[in-house]
Structures are given as structure tokens and as C-alpha cells.
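These notes concern the structure reproduced below.
We did not get these values from a lab; they are worked out from the coordinates using the rules stated. Note that the structure is a prediction, hence the values are computed from the model and not measured. Note that we place each Cβ from the backbone using ideal geometry, even for glycine, and neighbour counts take in every protein chain shown.
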Ligand SMILES: Cc1cc2nc3c(=O)[nH]c(=O)nc-3n(C[C@H](O)[C@H](O)[C@H](O)COP(=O)(O)O)c2cc1C
């Protein structure tokens, strides 16, 4: 077993490999990432306050990628990166891989240069999956999947503008056309992408229906660079199942991490990583009541970070959105969300949380993924 935070990350990676779960992991972020789960970029959710809270559940010695919400490359060149909510970061954050949206060389080059030199990015992710109308009308996001040559060109222009690794997050595209998807990702690999994340739903599906994991396997088999699999993971068993089914190099989790941020701890425990710092003598929560109790605790931490970074109404809105996304896993989550909408400030929110979690609040393993 590990000595918390005393063994090198390399030793931990090797031990994770020994468990068989991360067996064929190809190196991500120049080999620095040694943990098989990362947070998904999510507008309104993957901000500094959530990242800080979630990081408290990362096992000691584990290194993974940390996203931002998608950042528009037409705006980043002139924005104040310290005060814009989407680009706020805290000094202790490492391994940040911000996600950019764009398709034009100059704004991309300026954006990437600022993120690399001023902001401290360690990688750049390009969004080729956003299906909202605005992205389609500007011809970026998932619209780029309609033009494989131009999409590869966008990777090429980004790679040219930075020394950092450049990745792409994409969908199954407009329709489930597997040969096209394979040709598309091979084009991105040839253009210099360092890894690919696939959320195998079509743009028309948005987040409805289920993710077709078999496409992750096909993509993994058709390129040499690492592949991150994403879609519908709710519990730690799903992480292992997705890796087993697709041989992907890492699993990206979005919505479920807003309900079960200790999923990182659970997976770490299953792989032989030590507990997160400060929790050395505890086991990861597992039962419905343990998970419900930890959820209350995680919300209090999030509230602290949200009030620090986003004072006032913006913070209240962000907190409520977070609760709306994660509360469906809680048996009485609808009541919790209703209470969060009634609270008029952070103090009232804290009181509402204390009251709600003064009783056992069981958490279910799965919920219908509607959001
Ligand atoms: C509220 C919300 C916002 C999202 N915003 C982004 C985004 O900015 N960029 C992106 O690539 N994907 C975005 N996604 C998609 C997620 O990254 C992820 O691919 C999707 O939720 C499937 O993963 P999951 O089943 O683990 O949630 C968003 C998803 C949600 C729920």
C-alpha cells in the first residue's frame, strides 16, 4: 500500500497499472496524468469554486486534468482573465487545460498565447462538440465536425501557436457515421492533436438518449494518441466498465461529479491510491446515507468557495445551478433545490443546508440523466 503523499506519482501510476484498470494507459499531458478520471468542461459548472472543492477529493499523489468552461476565443484576447468568471483560477490549481471555442487563426493564437503565458495553462482543449445554435451559426463547436479538413486546420493553427499539448473534445457528430468519425479523428491526430475526448452522442441528441460507448472503442483502435471516454458515468463501477469496454486512457465525468464529487476518492481507493489529504484515516463514502451526508458536506465547502470567488447574485445563481444538476441523485433532491431557490443570500443558504442535512438524506446510485 501507499504512504500518503510520500511515494512518487510515477510509483502510484505503476501501482494503478498493476491493478489492471489503467493497464494500457497512453501518456496524457506528457505522462504527468496518472489518474484515470477527470472533470468534464461544463458551462456554468466547471468553474474555480467547483474545481477547488472537487480537488479536495482527489487522492494524494493523483494527477489528472482540470478543465474550464468553454472560453470564446473572440473574447479571451481582451478580457480580464482574473475577474472574468470563466477564467478565474486559484494559485494552487495545477494541470489546468482550458477549453476554447473558435475557428479563426488570429483570435485562437492570441487566446492560446494568453492562456499559456499569463494564465498558466498546461494544455489547450478545442471544443468540437458544442451543439447550441450560436456555436453552429458561428461555425464552431460541433459545426467543425461537418468539415474534417477545416477541423484539422483549426488543430494545426492552435498547435502552431503554443508549446502546450492541444487536445480536441468532440461528439459522435451530426449522425452516427462511424467511418466518417474515424477519418475525422485521424485527421486531428495528423494535424498534431495530443489526445481526443469523445462524447459519443450526436449533436441532435444533445444530452438525451444514451452515449454509444462502442464508438469510443473504435476511435481508440484507430489512432495512436490517447483517447478519453465520456458519457453517462454515474458511479465508480461505470468508470471501470467504460475502461474495460473501450480500453480508453482516461474517463471524463460531467454531471455525476456534481452529485458525487468523492467518486474520485472511490476510484482512487479501488486502484490503491491513498485517501485525499486530510482524510487519511477514513474510507470513501459508499452507503446511501454516507453519500448523502458527504453531499451535504461537499455543498458547504462549495458554498465557501463560491462566496469567495463569486460574491452576490452571480454566486447564488451558480450555487443553485450546481444543486439543480446534482440534487436529482438525492431522494429528496427536489426539496433541497426548492430551498436553495428561496434562500436570498449565502447565510440563508448555509442555514437551509444545515437544516436539510440535519436528517439522513439518502443518495441513489443512479438517476435519469436529463440535464
Ligand atoms: C450544463 C452542461 C454544460 C456543458 N458545457 C460543455 C462545454 O462547455 N464544453 C464541452 O465540451 N462540453 C460541455 N458539456 C458536455 C459535457 O462536457 C459532457 O460531455 C456531457 O455532459 C456528457 O458527460 P456526462 O454524462 O458525464 O455528464 C456540458 C454539459 C452540461 C451538463
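Computed quantities for the displayed model
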{"quantity": "Length-normalised contact order of segment 29-134 in % [C-alpha pairs under 8 Å, at least 6 apart]", "calculated": "27 percent"}
{"quantity": "The chain: most fluctuating residue of 208, 26, 171 per GNM, C-alpha cutoff 10 Å", "calculated": "208"}
{"quantity": "Modelled FRET efficiency - R0 30 Å, residue 308 with residue 355, Cβ distances, 0.05 increments", "calculated": "0.85"}
{"quantity": "Length-normalised contact order of segment 176-332 in % [C-alpha pairs under 8 Å, at least 6 apart]", "calculated": "16 percent"}
{"quantity": "C-alpha long axis of helix 148-161 to longest principal axis of the chain, angle in °", "calculated": "80 degrees"}
{"quantity": "Area projected by the alpha carbon convex hull of segment 28-102, averaged over all directions, nm²", "calculated": "5.4 nm²"}
{"quantity": "Residue of 322, 57, 180 that the Gaussian network model of the chain assigns the largest fluctuation, springs spanning Cα pairs under 10 Å", "calculated": "180"}
{"quantity": "Cα point-scatterer Debye curve for the chain, base-10 log of I(q)/I(0) at q = 0.12 Å⁻¹", "calculated": "-0.89"}
{"quantity": "Exposure proxy ranking, count of Cβ atoms within 10 Å, fewest first, for 337, 150", "calculated": "150, 337"}
{"quantity": "Nearest-ten-degree value, helix 333-342 long axis tilted from longest Cα axis of the chain", "calculated": "90 degrees"}
{"quantity": "Residue of 289, 237, 355 that the Gaussian network model of the chain assigns the largest fluctuation, springs spanning Cα pairs under 10 Å", "calculated": "355"}
{"quantity": "Helix-only CD estimate at 222 nm, as mean residue ellipticity for the chain, using -39500 (n - 2.57) per DSSP H run (n ≥ 4)", "calculated": "-12000 deg cm²/dmol"}
{"quantity": "Sites residue 237 and residue 320, calculated FRET efficiency, Cβ-Cβ separation with R0 35 Å, nearest 0.05", "calculated": "0.70"}
{"quantity": "Relative compactness, segment 69-209, computed as alpha-carbon Rg over 2.2 N^0.38 Å", "calculated": "1.01"}
{"quantity": "Two-decimal Rg to Rh for segment 295-371 - Kirkwood Rh, Cα set", "calculated": "0.95"}
{"quantity": "Segment 173-284: Cα Rg divided by the 2.2 N^0.38 Å rule of thumb", "calculated": "1.19"}
{"quantity": "Ranked 281, 273, 346, 50, criterion: other C-beta atoms within 10 Å, fewest first", "calculated": "281, 346, 50, 273"}
{"quantity": "Efficiency of FRET between residue 204 and residue 365 - r from beta-carbon atoms, R0 35 angstrom, step 0.05", "calculated": "0.75"}
{"quantity": "Extended-chain gain in nm, criterion 0.36 nm per residue less alpha-carbon gap, residue 338 and residue 186", "calculated": "50.0 nm"}
{"quantity": "Helix 105-114 vs. the chain, principal-axis angle (Cα, 0 to 90°, nearest 10)", "calculated": "40 degrees"}
{"quantity": "Taking all pairs of distinct alpha-carbon atoms in segment 134-190, Kirkwood radius in angstrom", "calculated": "11.9 Å"}
